[in-house]
Amino acid sequence: MTTPTPEHALMVTGIGGQGVQLLAKTLAQALTVRGRYAMLGAEYGGEMRGGPTQATVVVGDAPLRALPIVPRAQSAILMHDRYSENTLARLVPGGLCLVNSSVAPEGFAADRDPVLVPATALARDAGVAQAGSFVMLGAYAALTGAATRDELVAAMTGLLPPYRRQHADGNARALDLGIDHVAPIPTGAPS
């Protein structure tokens, strides 16, 4: 009998309008298409934009045992420093912490050894200002191997409603920006 891989929880937090919910749905969908078990949880306030928003994705190779409220997470994506205290408190010591350094103050979450990704700036400079969350998702996927770029693009494209389909190509470019931002430089490569 083989022992299933332990469950892995990712918490994503930010401000409404940053794409936190679509990021989490995209990852969960890509994971299930890959044949993994995934659970998605969402929390957000009544505001359309500007209020706190959080999503949790739990993944495993066997039916999940996680509770709907995840007490501890192995990874966190922080799109904004506002409203992130709860997520940081639940991140396990040594857990992967990605911080959108475009909006977080210098030194934010320094005790968590964060991976700094200037997601908002990268997306804006590439002409896809609304896609900062996909920059972060690309970085997360590149660092963890959770899903491939193509799996994420297929999931995202399938989740976009018809009135948002014009953003699919920009979101895919944003994924590439995140992947490229954290990709290691091959040994012997020119700098």
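Please treat every number below as a calculation from the coordinates, not as lab data. Remember, it's a predicted structure, so these values are computed and weren't measured experimentally. Here the Cβ positions follow ideal geometry from the backbone for every residue, glycine too, while neighbour counts run over all protein chains shown.
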- Query: For Ala183 and Tyr163 in one chain, what is 0.36 nm times their gap in residues minus the Cα-Cα distance, to one decimal in nm?
  - Reply: 3.9 nm
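Below 8 Å between Cα atoms, with a sequence gap of 6+, how large is the relative contact order for the stretch 71-191 in percent?
Numbers: 171 pairs, mean separation 25.8, N = 121.
21 percent.
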- Item | Of all DSSP beta bridges in the chain, antiparallel share, percent nearest 5 | 55 percent
- Debye intensity ratio in log₁₀ form over the Cα atoms of the stretch 8-182, taken at each q of 0.14, 0.19 Å⁻¹: -0.66, -1.30
- Task: Taking the Cβ of Ala73 as the centre, find all other residues whose Cβ is under 13 Å away and add up their charges (Lys, Arg: +1; Asp, Glu: -1).
- Result: +2
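The stretch 49-137: D in µm²/s via Stokes-Einstein (Kirkwood Rh, Cα pairs, 25 °C, 0.890 mPa s)?
Translational diffusion coefficient: 174 µm²/s.
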- Query: How much mean residue ellipticity at 222 nm does the chain get from its helices, if each DSSP H run of length 4 or more adds -39500 (n - 2.57) and you divide by all residues, to the nearest 500 deg cm²/dmol?
  - Reply: -10500 deg cm²/dmol
- Cβ crowding within 10 Å averaged over residues, with 87-96, 13-22 ranked highest first: 13-22, 87-96
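Report the net charge of residues surrounding Gly107, where surrounding means a beta-carbon distance below 14 angstrom and charges are Lys +1, Arg +1, Asp -1, Glu -1. Could you put the intermediate results ahead of the total?
Working: positive: Arg112; negative: Asp81, Glu106, Asp111, Asp113.
Local net charge: -3.
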- Note on the structure: Packing-ranked peptide list from 24-33, 118-127, highest mean Cβ count within 10 angstrom first, is 24-33, 118-127
